[in-house]
Amino acid sequence: MTAGTVSFRCEGCRRPVVGKPSREADARVACARCSREETLHSAAITEEGGVRECLRCGCPDLYRHRDFDKRIGLAVVAVAAVLAPFTYYLSLLAAAAIDAALYLRLPDLYGCYRCGARHRGFPPAPRPEPFDPAIADRWRFPAKGSEQRAP
């Protein structure tokens, strides 16, 4: 069993689904709302427990970013901006320090360009590159006659 989880949106009802893959065999994950099942592919897990491709769709194009809820980041900046005139703008400096500390401490999340699945808690081997808009556009807007399909 691996320590990581995979989260994605159900194709049937668009509700979030979280699954725990296994290194030994493919895992079946069912949506709690509509009972639609998805398979998490064990072949995509490396010997070290990392992911080499998306566990849900098998796409080799993964990206990494910090596992941080952007709404929390925006709330910290908004509070700092409101307090800025009263704190001689030191609250903005504090918000920047909080942001830097979180960036350094939070783990990476690996996302799939094709299906949008999020892979959390996996070791960083092999480590995907940061998000690349050009690769995202290739999956979102495939060329005519291309084998790639947008989700």
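Which helices (runs of 4 or more DSSP H) sit wholly inside region 52-151 and have at least 1 residues that are among the hydroxyl-bearing types (Ser, Thr, Tyr) and either under 12 Å from the mean Cα position of the chain (by Cα) or surrounded by 12 or more Cβ atoms within 10 Å (Cβ to Cβ) (or both)?
Those helices (runs of 4 or more DSSP H) span 90-105.
Condition first: polar (S, T, N, Q) and either surrounded by 14 or more Cβ atoms within 10 Å (Cβ to Cβ) or over 10 Å from Cys10 (Cβ atoms) (or both). Now tell me which residues in region 27-51 satisfy that.
If the condition is that a residue be polar (S, T, N, Q) and either surrounded by 14 or more Cβ atoms within 10 Å (Cβ to Cβ) or over 10 Å from Cys10 (Cβ atoms) (or both), then Thr39, Ser42, Thr46 are the ones that fit.
Confirm whether Arg28 is in a loop (DSSP other than H, G, I, E, B), without any contact (Cβ under 8 Å) to a residue 24 or more places away in the chain and of a type in the set (Lys, Arg).
Taking the combined requirement at face value, the residue does not satisfy it.
Conditions: (1) farther than 21 Å from Pro126 by Cα; (2) modelled with pLDDT under 90. Arg52 meets all but one. Number of the miss?
Unmet condition: (1).
I'm checking my understanding of the structure. Among residues of region 1-25 that are in contact (Cβ under 8 Å) with a residue 60 or more places away in the chain and among the β-branched types (Val, Ile, Thr), which one is surrounded by the most Cβ atoms within 10 Å (Cβ to Cβ)? Don't jump to the end; show me each part of the working.
Step one: of region 1-25, the residues in contact (Cβ under 8 Å) with a residue 60 or more places away in the chain are 2-9.
The next check asks that each one be among the β-branched types (Val, Ile, Thr); those that pass are 2, 5-6.
Values: Thr2: 20, Thr5: 16, Val6: 27.
So, considering only residues that are in contact (Cβ under 8 Å) with a residue 60 or more places away in the chain and among the β-branched types (Val, Ile, Thr), the one surrounded by the most Cβ atoms within 10 Å (Cβ to Cβ) is Val6.
Conditions tested, residue by residue: (1) among the aliphatic types (A, V, I, L, M); (2) in contact with a Pro (Cβ under 7 Å, 6 or more places away or on another chain); (3) modelled with pLDDT of 95 or more.
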site: Ala78; (1), (2), (3): yes, no, yes
site: Ala81; (1), (2), (3): yes, no, yes
site: Leu90; (1), (2), (3): yes, no, yes
site: Leu102; (1), (2), (3): yes, no, no
site: Arg105; (1), (2), (3): no, no, no
site: Arg114; (1), (2), (3): no, yes, no
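Being at negative phi and at pLDDT below 90 is the filter here, so list the residues in region 40-49 that pass it.
Those that are at negative phi and at pLDDT below 90: His41, Ser42, Ala43, Ala44, Ile45, Thr46, Glu47, Glu48.
The values are calculated or read from the model by the stated rules, or taken from the named source; none is laboratory data. Computed from a prediction, not measured in an experiment: that's the story for all the values here. Note that each Cβ is placed from the backbone with ideal geometry, even for glycine, and that neighbours are counted across all protein chains shown.
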